[in-house]
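Inspection log for the structure reproduced underneath, given as structure tokens.
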Amino acid sequence: MKLKTKIALSVISLLIVFVVAELIYSNNFLTIGNYEIKTQKTSASFRAVLLSDLHNKEFGANNEKLLCLVKKQNPDVIFTVGDFVTKFESDREVACKLLRELTEIAPVYSSLGNHERSYYDYDGLIEDIKATGVTLLDNELTEVELGGDTIVVGGLTDFPYYEYEAPDYNNERRYFLDEFIEREKDRFSILLAHEPEFFMWGLDEKELDLMLSGHTHGGVVRLPFIGGLLAPNQGFPVGQGNILPKYTKGIYESDTATMLITAGLSSEVVLPRFNNPPEVCVIDVNPD
């Protein structure tokens, strides 16, 4: 065998090993994503953990590894932003058991994702989620004491301003969002909204201290210097002129709003995650 052929085969073998190892890592090994938010609306610091897009996945028996990692972060509060179930699977005990266990670590505030909204037994699912002890915010808001301050937390279930509802946008989502923005003027606020497309479609023009989202699975496949390649309603072929999605993971800011997207824990799409391990998102909110 010629030397060049041997070298080529060796390179191809190493590449295959690398790709397989990366696929295993990006679909099974939990990582921590650390983010800091500074605000003049709080007088003390607090720590939050953000989780999204479980899609019935388990990290260890009964999600022991995930729960252990969350507990190690010593959060004051935990936020979940949906897609803990998968809409075409009947099982919801994995999701509900995890939510129950999370409430033993810290108070949990949850919003719904598109898979919960489309779940075959929606009413039964909502009943089971509420029974876990989490505070489910379905176009609702609440006030939470954190670090000695009272903050406003709201959960937006779906986009308030679809064109077919124009010009009045007479829906509960719009009225909830109006109330949320009015309530949060003098206090730090967190809006739980599963889909970051809402930001791109107009929420970036609202006064939002912090919007927490998931849904993108970090862009599924992430490339160095490029970022995520796939995200619902973004990029080719529906990307409003963009070939690649604009919002996939991390912090994004407009003149009036800040959004943080977690890469999430799993992916329901056929294409596996690559260079994009599951993320437990840790958010430190500090006075500015």
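The values are calculated or read from the model by the stated rules, or taken from the named source; none is laboratory data. Just so it is clear, the model here is predicted, and its values are computed rather than measured. Positions of Cβ are backbone-derived with ideal geometry, glycine not excepted, and every protein chain shown enters the neighbour counts. Note: accessible area is taken over every heavy atom of the protein model, side chains too, but ligands, DNA and RNA are not part of it. Shrake-Rupley method; radii C 1.70, N 1.55, O 1.52, S 1.80 Å.
Couplings for the range 125-132, taken from phi via the Karplus curve 6.51 cos²θ - 1.76 cosθ + 1.60 with θ = phi - 60°, read 5, 4, 4, 5, 4, 5, 6, 6 Hz in order; Gly and Pro are left as x.
Using a probe radius of 1.4 angstrom, the carbon and sulfur fraction of the accessible surface of the range 47-148 is 41%. Between the range 106-125 and the range 241-288, what is the C-alpha centre distance in whole Å? Here the answer is 20 Å between Cα centres. Using only Cα atoms, locate the centre of the range 48-62 and the centre of the range 141-168, then give the distance between them in Å, rounded to an integer. Comparing the Cα centres of the range 48-62 and the range 141-168, I get a distance of 24 Å. For the range 25-159, rounded, prolate or oblate, judged on the Cα gyration tensor with a ≥ b ≥ c (square roots of eigenvalues), a/c < 1.5 rounded, else prolate if a/b > b/c? Oblate is the answer for the range 25-159, as a/c is 1.5 or above yet b/c matches or exceeds a/b.
Rounded, prolate or oblate: which fits the range 90-187 when a ≥ b ≥ c are the square roots of the eigenvalues of the alpha-carbon gyration tensor, with rounded for a/c under 1.5 and prolate only if a/b beats b/c? Oblate. Taking amide H as placed 1.01 Å from N in the peptide plane, the amide H of residue 33 sits under 5 Å from that of 280, 281, 282, each at least 5 places away or on another chain. One chain, two ends: residue 74 and residue 20. Fully extended at 0.36 nm per residue, the span grows by 16.1 nm beyond their Cα-Cα distance.
Under a 5 Å amide H cut-off, with hydrogens placed 1.01 Å from N, residue 210 pairs with 189, 191, 258 among residues at least 5 apart or on other chains. What is the range 148-288 by shape, rounded, prolate or oblate, if you read a ≥ b ≥ c off the alpha carbon gyration tensor as root eigenvalues and call it rounded for a/c under 1.5, prolate for a/b larger than b/c, and oblate otherwise? Since a/c reaches 1.5 but b/c is at least a/b, the shape of the range 148-288 is classed as oblate. Rolled with a 1.4 Å probe across the full set of protein chains, the surface gives residue 102 an accessible area near 0 Å². Here r is the Cβ-Cβ distance between residue 58 and residue 270 and R0 is 25 Å; the resulting FRET efficiency, rounded to 0.05, is 0.80. Longest exposed-loop-site-free stretch of the chain, with chymotrypsin sites (Phe, Trp or Tyr not before Pro), DSSP loop and at most 14 other Cβ within 10 Å? It runs 226-288. What the phi angles of the range 16-31 give under the Karplus curve with 6.51, -1.76 and 1.60, with θ = phi - 60°, is a coupling list of 5, 4, 4, 5, 4, 4, 5, 5, 4, 5, 6, 10, 9, 10, 6, 10 Hz, glycine and proline written as x. Each residue of the range 90-107 was assigned a 3J(HN,Hα) from its phi angle through the Karplus expression (A = 6.51, B = -1.76, C = 1.60, θ = phi - 60°), giving 6, 5, 9, 5, 4, 5, 5, 5, 4, 4, 4, 5, 5, 5, 7, 8, 6, x Hz with x at Gly and Pro.
Label separation (residue 38 vs residue 171): 3.8 nm, computed from points 7 Å beyond Cα along the C-beta direction. Dividing the summed -39500 (n - 2.57) terms of all DSSP H runs of n ≥ 4 by the residue count of the chain sets its mean residue ellipticity at 222 nm at -8000 deg cm²/dmol. Surface composition of the range 248-288: carbon plus sulfur atoms hold 47% of the accessible area, using a 1.4 angstrom probe and ignoring ligands, DNA and RNA. Close amide-amide hydrogen proximity is noted between residue 110 and 80, 135, 136, 137, each under 5 Å apart and 5 or more residues distant or on a separate chain (H modeled in the peptide plane; Pro and chain starts excluded). Annotation: per residue accessible area for the range 8-157 equals 47 Å², rounded to a whole number [probe 1.4 Å, protein chains only]. In this label model, residue 65 and residue 288 are separated by 3.8 nm, measuring between points 7 Å along each Cα→Cβ vector. Return one number: the angle in degrees, 0 to 90 and rounded to the nearest 10, between the long axis of the Cα atoms of helix 172-183 and the longest principal axis of the Cα atoms of the chain. Compared with the principal axis, the helix lies near 70 degrees. The base-10 log of I(q)/I(0) for the range 79-127, evaluated at q = 0.15 Å⁻¹, reads -0.36 [Debye formula, identical scatterers on Cα atoms, solvent excluded].
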